[in-house]
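One structure is given here, and the rest of the page talks about it.
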Amino acid sequence: VRLVESGGELVQAGGSLRLSCAASGSAFRDYAVGWFRQISGKEREFVANIDWTGRHTEYADSVKGRFTISRDNAKKTLYLQMNNLRPEDTAVYSCAAVIGLLRHVPDVTYYWGQGTQVTVSS
């Protein structure tokens with residue numbers, strides 16, 4: 001499956017953004033998908049995931065209550081609604097997909113997008 005993210009931009013603290021991840025190729029509905037982010041100079045970290053049914057979601061503690069992950073299998077698209085953004089949310093956000101369980105640790109076996117830059121100014 002090929003993944004392409006969009007929606008990243010510069011936003012002020014307290015603002016909102018919605019990221020999208022468009023999938024093509026294999027059946028998107030078969031994949032668990034999620035978002036990771038990488039701050040410059042640091043390792044990639046888990047943000048949120050959603051199972052193939054769309055019923056089960058998980059979030060990193062740092063984004064709980066502010067971010068919402070969702071998917072539209074008919075459109076083959078994954079979303080991340082980000083509200084009340086903080087400067088520490090500044091990072092490159094990447095979507096990932098796997099058949100099975102998408103764990104909170106990045107894995108080379110996952111399919112990855114190229115990433116989209118989110119910058120939150122104070």
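The values are calculated or read from the model by the stated rules, or taken from the named source; none is laboratory data. Here the structure is a predicted model, which is why all the values come from computation and not from measurement. Virtual Cβ from ideal backbone geometry, glycine too; neighbours counted across all protein chains shown. These accessible areas exclude ligands, DNA and RNA; they are computed on the full protein's heavy atoms, side chains included. Shrake-Rupley method; radii C 1.70, N 1.55, O 1.52, S 1.80 Å.
Here are the numbers for the structure shown:
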| item | result |
| --- | --- |
| Two-site label geometry, Gln12 and Lys75: point separation in nm, points 7 Å out along Cα→Cβ | 2.8 |
| Probe 1.4 Å, all protein chains present, accessible-area order of Arg71, Arg37, largest first | Arg71, Arg37 |
| Distance cut-off 26 Å, percentage of C-alpha pairs in the chain lying past it | 12 |
| Surface per residue (accessible, 1.4 Å probe) for the stretch 74-122, Å² | 53 |
| Nonlocal amide H pairs with Gly15, under 5 Å, H built at 1.01 Å | Leu85 |
| Beta bridges by DSSP in the chain, antiparallel share as percent, to the nearest 5 | 90 |
| In sequence order, calculated HN-Hα J values of the stretch 55-61 (Karplus, 6.51, -1.76, 1.60; Hz; x Gly/Pro) | 8, 10, 10, 9, 9, 5, 4 |
| Of all accessible heavy-atom area on the stretch 1-60, the percent that carbon and sulfur account for (1.4 Å) | 43 |
| Accessible surface, the stretch 1-68, averaged per residue in Å² (probe 1.4 Å) | 55 |
| Integer Hz, Karplus 6.51/-1.76/1.60 couplings in order for the stretch 112-122, x for Gly and Pro | 10, x, 7, x, 9, 7, 10, 10, 10, 8, 8 |
| Where GluC sites (Glu not before Pro) fall in DSSP loop in the stretch 1-44, at most 14 other Cβ within 10 Å | Glu9, Glu43 |
| Relative contact order computed over the chain (Cα-Cα under 8 Å; 6+ residues apart), in percent | 37 |
